[in-house]
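Report on the following structure.
What follows draws every value from the coordinates through simple rules; no lab data is involved. The structure presented is a predicted model; accordingly, all values stated were derived computationally and were not measured. Cβ sites come from the backbone with ideal geometry, for glycine too, and all protein chains shown count toward neighbours.
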Amino acid sequence: MHRSSDTIGAIAAALAKAQGELLNPEKNVIATIRSPFPREESRTFRYASLASGLEIVRKSLGEHEIATVQTTAIDHATGQIQLTTLLAHASGEWISSDWPVCPITETANPHRMGAALTYARRYALFALVGIAGDDDLDAPDLLVEPSPTVQPPEDPHQNRPIPRKSNGSIHKPRQPKPVLSAEPSAVLRDQLVAEIKELNGADDLALWAHRRLPTKNTLTAEDARMVETAYQAAVGPLPGRLDDQVTPLLKTAQKRNKAHLRFVAEQPCLVCQRTPCDAHHVKFAEPRALGRKVSDEFTVPLCRDHHRQLHHHGNEIAWWGNVQIAPLEAAEKLWQETLAAPRPTFRSGVQHHPRPKADERGASSRDSG
């Protein structure tokens, strides 16, 4: 988030002069990003260290009476450590930006927190003064030499006019997904089944499903069912998957209830008690299946910040353990409230929706938190 003093004319003029003298620091450090997929190669990129960037920035900005200050603070509302980078001019004008560093729980691991802080300081400072400190990897595929293309045969329907809807908008027909013929489908089916048999643990299974689901959809219907059967057999009961604080309730039938989702979204966040909230589905409450959500009965209220933080964490069980909350207990209480709520009644053609009393709603919110 960007902030500044009421006026920034003096600091903007000084910063413009300094930027005319600033040079990008030398990218003398090489980092390697290892791919989690065995068939993908690791990628390397160069970047400039924080020390080399500070040496250039301080010298140039100092000549134009601009000081750089970087401080940290704990934001209890979001559960994050925040970094503030400030450019202060001799005139009293200033410009600053805030950068999230890491969750507060990372303070228990100083090495991880220190690495995240160095990363945040480098990116925040370089962005604020307008220099680049690492290679641009936004489009790495452009660095690969393109393979020769084969001109497709001319389509006799190529010049056919695109149909338009009554409102004048262009309607483009959807292209059907290509399905393999019997023999290639059988070969791919055997390959996918063999990959499933080599997977160990829930994380590997989930990662495989995310990566290979589009490939599975190119199989014939019979071969796809065989792959799904092999996947379900591999999922099965996974020992050691859950800790003592979070215990799953294994359900076979998936339940959908839109009214319950709306009710959950009206409750305060389980972590910070703020509203409004999203109805979050607790993923580990049921055995995993390809492309399916768990039942709506396993939903809990989370504010948008904590909902996003949970998804970015990557390990939902560990995240709930860090905040010391058992989500399935809260989800069960909310589900029981929905089941116990009286159904709508109809009188004289008017639908009446009885609402729970205020004291009952308050008690249920406190119980679920």
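Quick rundown of the values:
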{"read-out": "Cut-off 14 Å between beta-carbons: net charge of the residues surrounding Ala279, Lys and Arg +1, Asp and Glu -1", "value": "+2"}
{"read-out": "Shape of segment 2-135, Cα gyration tensor, a/c cut at 1.5", "value": "oblate"}
{"read-out": "Computed magnitude of the charge dipole of segment 2-135 (debye, nearest 20; Cβ of K, R +1, Cβ of D, E -1)", "value": "380"}
{"read-out": "Dipole of segment 2-135, positive direction: furthest Cα of Ala48, Ala13, Gly130, with charges on the beta-carbon", "value": "Ala48"}
{"read-out": "For segment 182-235, convex hull of alpha carbons as volume per residue, Å³", "value": "57"}
{"read-out": "Over 32 Å between alpha carbons, listed pairs Lys197/Lys255; Lys216/Lys258; Lys27/Lys283; Lys197/Lys283; Lys216/Lys255; Lys27/Lys216", "value": "Lys27/Lys283; Lys27/Lys216"}
